[in-house]
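Each reported figure results from applying straightforward, stated rules to the coordinates on display, with no laboratory input. Keep in mind the model is a prediction, meaning the values are calculated, not measured.
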């Protein structure tokens, strides 16, 4: 591996939150500088900040943040890419991924910090394991002032009452397997997981784009990482967590709270759960059973006044055409078992 140059782009979509960028960018710059020394390689690294504010908030804040970096980290290439309007997390990632120059993409929420040893561990795994589509660090969440960060469980995907349910894996459950060493003498361990988190994941840029990346069907946010994970697994690609790599994510969430009022966010989440189910239906029998369950769900929501579920169904119906186009890209893939 020593002869392989670094070739890494960090992609950070942001709404222009000055406090988040002010916390994360200095640490990420330091990590990239340290990464070259840690791996004994020079190479090409960059940070692509995707300004998805719609009003240039991130672009305006960046010069002040960069001016406060000082010292060696300023040698890191930092570019800003602006979306024409607020698109949401997934579409903003795609904008940054297409503009990035690196062969590897480290996608991060704008408040996530991964230090150099964590980046090195992720790169080691992706370079050593050609069957791995995405490698994720262990996510750590702040538990409050003075408390040590807590490890966030990996997520699993299950069908419950014919609805896709994404939840934290329980101890011993499939999707939260024990660590296994990777091939070679790198000293790394990996854990196969079902869902790679959008908050922090390393992918090969070409493969990510070839798979379609984050489907715009799920914009502005919510479940785009679950869809990506299902698509990768349909192709027989592995998703892994690298316990030796850690990422601090203080504000864990799916980003909808930054974009939409709470009732609207819940309706969009319900919409995306349906779109995800429809996109990955495996057989006609599954589809027929699902339609019966959906009718029951709609009836119960109407009788109980569950407006958000009804709005979610209506919003999903409005995207049926887009869903059909997206589903067509899955033709020839093996059925997905939940």
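Stretching residue 147 away from residue 216 to a fully extended chain increases their span by 21.1 nm, per 0.36 nm per residue minus the current alpha-carbon distance. Sequence-distant contacts, meaning Cα pairs under 8 Å at least 6 residues apart, place the relative contact order of the stretch 6-253 at 25 percent. Taking 0.692 mPa s as the viscosity and 37 °C as the temperature, the Stokes-Einstein diffusion coefficient of the stretch 6-253 based on its alpha-carbon Kirkwood radius rounds to 180 µm²/s.
In a fully extended conformation the segment linking residue 84 and residue 287 would gain 69.3 nm over its present Cα-Cα distance, using 0.36 nm per residue. Using 0.36 nm per residue and subtracting the Cα-Cα separation, the extra length available between residue 299 and residue 19 on full extension is 96.3 nm.
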